[in-house]
1. Using amide H atoms built in the peptide plane, which far-off residues or other-chain residues are under 5 Å from ALA148 H to H?
2. With charges only on Cβ, +1 for K and R and -1 for D and E, what is the dipole size of segment 9-185 about its Cα centre, in debye, rounded to 20?
3. Can you give me the distance in nm between label points at ASP76 and GLU140, each placed 7 Å from the Cα along the Cα-to-Cβ direction?
4. Report the extension gain between SER130 and GLU52 in nm, rounded to one decimal, defined as 0.36 nm multiplied by the number of residues separating them, less their alpha carbon distance.
Amino acid sequence: MTMPLKKGIFLIADPKLRDPNFSQTVVLLCEHNDQGSLGVVVNRPTTLRLSEAIPSIDGTRSTLDVIYSGGPVQPDHIMTLCRGEEQVPESEHVADGIYLGGSLTVLEDMLASLSSPNSIRAYVGYAGWSSNQLESELGESSWKLVPADQKFIFDMEPARVWSTLLASLSEEYSIYASMPPDPTMN
């Protein structure tokens, strides 16, 4: 199945991809145009809590939220994904029911509008590619593409996201469904 490269898809790292920044990862592509691409790794939680990173955040929900490592670019920058029926002001629509924010104000608005504590993810850093770089990596079979689905971001255990999505692609990858996560990748 050939899928166009566009925002709102998952990039699933091929098992042969050895770049430690992306080994066993799933990236939600949040922007793609002729200038380049931007996404966040959705399956790499850190041990840091949102309330620890940003003590000024109001609300008890933030004490439950783990920050994820979104990628190697700008690791001091926080981006957020929110799941909802309505778009939070100043956020960007990425895929069905998934919105991206990049400022403290948007994060606060997202936290205030949550219907459940499992509706937001905060990421430090992001994955970025220059013009045609991602296309080149696709030509090298570094990534597999599937439509994004919010359940893999917000509902599934992060350690199972990569293996589950990869195994769903074809029987060739079914062995990865039972493969334990690589402990060096966290």
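Laboratory data are not the source of any read-out in this text; all were calculated from the coordinates shown. Everything numeric here is computed off the predicted structure, so don't read it as measured data. Neighbour counts run over all protein chains shown; Cβ positions are idealised from the backbone, glycine included.
1. ILE9, PHE10
2. Values: 10 positive and 24 negative charges, 105 e Å.
I would put it at about 500 debye.
3. Taking the two extended label points, one gets 2.9 nm.
4. Values: separation 78, 0.36 × 78 = 28.08 nm, distance 3.25 nm.
Taking SER130 through GLU52 to full extension adds about 24.8 nm, to one decimal.
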